[in-house]
Amino acid sequence: MIKGVKGEGENPVSTASRKPRHIAIIMDGNGRWAKQRHLPRHAGHKAGVKTVRTCVEQCVNHGIEVLTLFAFSSENWKRPEKEVGLLMGLFVAALKMEVKRLKRNNVQLRIIGDRSAFSNKLQKLIVSAEAATAGNTGLVLQIAASYGGRWDITEAARKLAERVKQGDLLPEKVTEELISSELSFADLPDPDLFIRTGGEQRLSNFLLWQSAYAELYFTDLLWPEFRVDEFLQALGSFSCRLRRFGKTSEQVTGENPEI
Ligand code: FPP
């Protein structure tokens, strides 16, 4: 359903561009949410799953094409073993429980990241959940798990280096487009709106290449508190941004420059 339009929008100020095609979210603050309530961190992650559902519903209602959620980073493997185990258990439970709902809502599920790091059971569940929703034509929901932007770029570089080694590619033929084509979700548009909850204002190794021109939206709200109103606020903020993609404001608005 989605053509592989990467990078620069065709008409950055058209009405259509006021709505993001692709939203990427760093879901931060589950642990602090739980701590504030004297609950174990895991309770925060569980509460976070509810917000995931809310955001998926909102994206479906607003005709957003792609939603990418950062569920577990390459670096999160360094967390205490118990928390990692509980998070993996939550992914397994969510995959088992949510597939029916995703199918009902015409949502296509994809997992991006280094899945070789997961247990065999989780890998099998991922394959079957993706297969069960592969024919859906609505929202593409991408869960980034065991994912890192540097990992993504390194994988692409390795594949291209292999082609050079095989004599199949000349180094001077390596372009931005070619690198993009080897990254995760090469067939989908790049994120337009990049949201991070939880008060931190950094990218934390999420979609580094693909978010080069994303509009950033930071909120102090903790992820379990990020509900419909806040989601709409982020959409509203995006709709007011003038996306210039390196050009001048006059070039993108068509106004006469006063030079
Ligand atoms: C960051 O909060 C959150 C995570 C590392 C995990 C996110 C997982 C979920 C929302 C639940 C599972 C999601 C799916 C898609 C099944 P944090 O723990 O870093 O919070 P803190 O900064 O307050 O400590």
Which number do you get for Rg(Cα) / (2.2 N^0.38 Å) in region 124-175?
1.63
How large is the convex hull of the Cα atoms of region 80-130 per residue, expressed in Å³ as a whole number?
76 Å³
Using only alpha carbon pairs under 8 Å that are at least six residues apart, calculate the relative contact order of region 66-154 and give it in whole percent.
49 percent
Partners for LYS121 among lysines (Cα-Cα distance below 16 Å; same-chain residues under 8 apart left out):
LYS96
Percent of all alpha-carbon pairs of region 135-259 at distances over 25 Å, whole number, is 44 percent
Mean Cα-pair separation over length for region 125-209, i.e. relative contact order, pairs under 8 Å, 6 or more apart, %
40 percent
Mind jotting down the distance between the C-alpha centroids of region 15-44 and region 156-223, whole Å?
21 Å
Pairs to check: LYS19/LYS46; LYS100/LYS124; LYS78/LYS124; LYS19/LYS103; LYS50/LYS100; LYS78/LYS159. Give those whose C-alpha atoms are more than 19 Å from each other in this structure.
LYS19/LYS46; LYS78/LYS124; LYS19/LYS103; LYS78/LYS159
How large are Rg and Dmax for region 174-243 when only the alpha carbon atoms are used, in Å?
14.1, 44
Return the lysines within reach of LYS165: Cα separation strictly under 16 angstrom, same-chain partners fewer than 8 residues apart disregarded; answer none if there are no such residues.
LYS173
Over the chain: Kirkwood hydrodynamic radius from C-alpha pairwise inverse distances, Å
19.6 Å
Expressed to one decimal in nm², the mean projection of the alpha carbon convex hull of region 24-69 is 3.1 nm²
At 37 °C in a medium of viscosity 0.692 mPa s, region 41-89 has a Stokes-Einstein diffusion coefficient, with Rh taken as the Kirkwood radius over alpha carbon pairs, in µm² per second, of 265 µm²/s
Using a 1.4 angstrom probe on heavy atoms only, work out the carbon and sulfur share of the accessible area of the chain in %.
52 percent
For the chain, set up a Gaussian network in which alpha carbons nearer than 10 Å are linked by springs, and say which option among GLN108, GLN142, GLN36 fluctuates the most.
GLN36
Cleavage-rule hits, trypsin sites (Lys or Arg not before Pro), region 159-203, DSSP coil, Cβ neighbours within 10 Å at most 12:
ARG202
For region 85-208, the spread of Cα positions along each principal axis, largest first, Å
48, 36, 31
Full extension from ASP168 to ARG244: what is 0.36 nm times the residue separation minus their Cα-Cα distance, to one decimal in nm?
23.7 nm
What residue among ASP114, ASP229, ASP28 has the largest mean-square fluctuation in a Gaussian network model of the chain, using Cα springs under 10 Å?
ASP229
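The values are calculated or read from the model by the stated rules, or taken from the named source; none is laboratory data. Since the structure is predicted, the reported quantities are computational estimates derived from the model, not experimental observations. Using ideal geometry, Cβ is built from the backbone for each residue, glycine included, and neighbour counts are taken over all protein chains shown. The accessibility values were calculated without ligands, DNA or RNA, using every heavy atom of the protein model including side chains. Shrake-Rupley method; radii C 1.70, N 1.55, O 1.52, S 1.80 Å.
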